[in-house]
1. On a full-extension model of 0.36 nm per residue, what is the gain between D41 and W495, subtracting their alpha-carbon distance, rounded to one decimal in nm?
2. Considering only the other residues whose Cβ falls under 13 Å of the Cβ of N541, what net charge follows from Lys and Arg at +1 and Asp and Glu at -1?
3. Using only the alpha-carbon atoms, how far is helix 129-139 inclined from the longest principal axis of the chain? Give it as 0 to 90 degrees, nearest 10.
4. Using the Cβ atoms and a cut-off under 15 Å, what net charge is assigned to the surroundings of A757, where Lys and Arg are +1 and Asp and Glu are -1?
5. In nm, to one decimal, how far is the S19 label point from the N233 one, both placed 7 Å along Cα→Cβ?
6. Taking the Cα centre of each part, how many Å lie between region 25-50 and region 605-638?
7. With labels modelled as points extended 7 Å from the Cα through the Cβ direction, what inter-label distance (nm, one decimal) is found for R76 paired with R62?
8. In whole Hz, with x marking every Gly and Pro, tabulate ³J(HN,Hα) for region 306-311 from phi via Karplus 6.51 cos²θ - 1.76 cosθ + 1.60, θ = phi - 60°.
Amino acid sequence: MITINLGGAWQMHAAEDKSSIPATVPGCVYTDLLAEGKIADPLYRLNEHEVQWVAQKDWIYRRSFDVDQDLIGQDRVILRCEGLDTLATLKVNGRQVGQADNMFRTWEYEVGHLLNAGSNEIEIRFDSSVNGSLRKMDEDPIPHVWWDLPDAKGRAWVRKEQCQFGWDWGPMLVTAGVWRPIELIGFESARLRDLAIRQDHATDPGRVRLGVELELERHTGKRCDAIVELKRNGQKIAKAEVSGKGKRLHAELLVEKPELWWPAGMGGQPLYDLEAVLLDSFGEPLDRVTKRIGLRTLRLGRHADEWGESFQFEANGIPFFAKGANWIPADVFLTRVPDEQMSDLLQSAVDANMNMIRVWGGGIYEDDRFFDLCDELGLCVWQDFMFACSPYPTHDRHFLENVQREAEDNLRRLRHHASLALWCGNNELEWLNIADEPGDGKMSWQQYKPLFDKILPKLCAKHCPETDYWPCSPHKPLGKREDVQAEHCGDNHVWGVWHHGEDFAWFRETQPRFISEFGFQSFPEPKTIRPCLSETEGDLNLTSVAMDQRQRSSAGTGQILHDLARWFRMPSTFDHSLWLTQLVQAWCVQVGVEHWRRSMPRTMGAIYWQLNDCWPGASWSSIDYLGRWKALHYVCKRIFAPLMVTAVEDEKMQHAELHLTSDLGEKTAGTLHWDIARLDGRTVTTGSRRVRVGPRTSQHVHTLDLQAAKDGHNLNELILWQRFEVDGQTVSSHTLPLARPKQIPLRDPNITTAIKAYKDGRFKLTLKAKSTALWAWVNHETADLRCSDNFLHLRPGHPATLTATPKQKLSADAFREGLTVQSLFDTY
Ligand code: BMA
């Protein structure tokens, strides 16, 4: 087999304009124009408007390449394109080889007959997807899509990353280009098209049987042999040799003493390499495919129970509470995400004690590297098919066939991954876009069902039978399907707070089986957002024109301010308003997550909206566009910790229930300590109790009488501090002010910081406050810090220590000089 990578330096130009500019493949029109200085940065101020012309044009990419006789002499030569975005016409040496109209598919074209030994040329023309979709809308209109996106008419017609057309957290930048590898492949007689690996954990307890099906593309009737080998850390574990004349070869491997793969927090993530080598009749290798797998079962457990039907993920038969966030594409331009960024985002998820991530249906089927990382990290992936918040033209035969091929490509590409936990048909169609009669943003059930109830589940069962299919998020499997958001079964999107203005405590009135979305917006920190703004244009105001440009949710900044005013005092400066929005967001999500974790095993998952950002703007993310952790992400580390202590106050603040929640697999014994203290740190009442908490349970440990504590004290000045100690180590702590933060007469905490430099470039910080400091956070004026903890509550007399790791190496002096320590008090 011979492979020639066609990525690298290309030329591109607008179809009507003959002068080319250098281009990079993989890449896209916008990144190429940007690199050549032909457009201003679309992320700066209002530039998004200025660059919309790019999406109106058709673009041509071209390059020449050399091939030799060796390649031409092969039985077959294929042009393989792993990602064309989107309406593409391909030519080799001036002759058309084919067309493409789905960026999620892998396209292959036979080109052997068109190649010359020596120099050749490839050209790809991308027609405007915006114009293409509008044309389709004229011919065959789809009831208008989502109310937040008036400019995005027709996006549902194009099989393209839907959020390129704008979303309620991102700009409209509809691009075009070769976005994934492109190569020539030449091969003799046969190649391995695919490997399907089945795991059988049941037949032979304590062992795993692997059934490996090799799918061949062959051009001769000759026998082929194949060797299939399983290795762990380079050591051979099992081997099988098979041969035959057909298109499929089947091998069986038996794994003795299998090391099982577990989601993060439940055990390790051992990975095995399964290699299949295809041999010709002389024993010479023709082709070779390797898949890295984890031995596990990972299912969606739906069992009848006292509340209705469970919705819980089960790894190797053990149910676990899913903790995580929704994932959106990590950049408006997909090829602009370096490996380090991808890995930092996913590592950050696990560092915040997550075990699941939902790849949402308005983005893309992520790269292999995304899934490789999730396998390594133990981050289970809930994978949507790419349909979101719109009716889709399922009545159109070409559309239906196209999406079917798309599903097959991605099922095949991703099915072997250990982290793959669920295939989900779409995002929110059953909730937002279905009615008895089509129209007004809706399709009928009759239009919906063929794709989401028949075609997709059938394809999943065929290609990926060990992973469950779920038609939609949210979906209600029992009773009247139309009443999507049911509490006794299925998954829910709990948007009452953000989209309907409920108070945060409203979360406590809900008890869904699984929450696959809920959340609250905030702004990125000043360092991230300021470079997109102009001070001289008056942008540094939360509702300036340039800031509103970065706010795409209809409820938007008004909703943030509404809840900010419910809980906090008004911030004094622009920078403080940005920070304060992060505290509001963190507080909101904390109230929800704590409650749902206390509701286990009835509720078995809380996946908030959303982990990451694709540009610097207002959004529900806990990590901003530049990878900086918002307050929420630090708070997640605490509220997703395996052991979690919480307190729930009643409305009148007469008592507080203390709870202990454990995701651990074994019983845990420890001591719960609590103190009610004044702002100056002095204890008003204190107590402790030995507690034993069972594996994967939540327990109400104690009810604290607040009435007694209040006597003689101002409630607004009281804070309930809790900590749970195991073997003398604090494993979880919790702070509950007995009044809303805005009512608390905070005084300047005069936080002092002792800094110790470690040899490895990290710094140990010890923070001490003279008066109670709420949400104290450290930051650096120029460098990026990742801290072991941040946005913490400080009690006088109780120093807190944390470790700060600068992204770039910093001298102790430079670290000290730029370090800032602030808390809620400073924002007023
Ligand atoms: C959900 C998601 C997204 C959206 C988010 C915030 O409905 O599925 O489509 O961005 O809420 O509104």
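1. Details: separation 454, 0.36 × 454 = 163.44 nm, distance 3.36 nm.
Going from the current span to full extension adds 160.1 nm.
2. Numbers: positive: R530, R550; negative: E535, E537, D539, D548, D575.
So the environment of N541 carries a net charge of -3.
3. On a 0 to 90 degree scale, this one is about 80.
4. Details: positive: K756, K759, R762, K764, K809, R816; negative: D760, D813, E817.
Around A757, the surrounding residues sum to +3.
5. Here the modelled spin labels are 6.1 nm apart.
6. 25 Å
7. Between R76 and R62, the label points sit 3.1 nm apart.
8. Calculated HN-Hα couplings, in order: 5, 9, x, 9, 6, 9 Hz.
The values are calculated or read from the model by the stated rules, or taken from the named source; none is laboratory data. From a predicted model like this one, the values you see are computed outputs, not experimental measurements. Neighbour counts are summed over all protein chains in view; Cβ atoms, including those assigned to glycine, are modelled from backbone coordinates with ideal geometry. These accessible areas exclude ligands, DNA and RNA; they are computed on the full protein's heavy atoms, side chains included. Shrake-Rupley method; radii C 1.70, N 1.55, O 1.52, S 1.80 Å.
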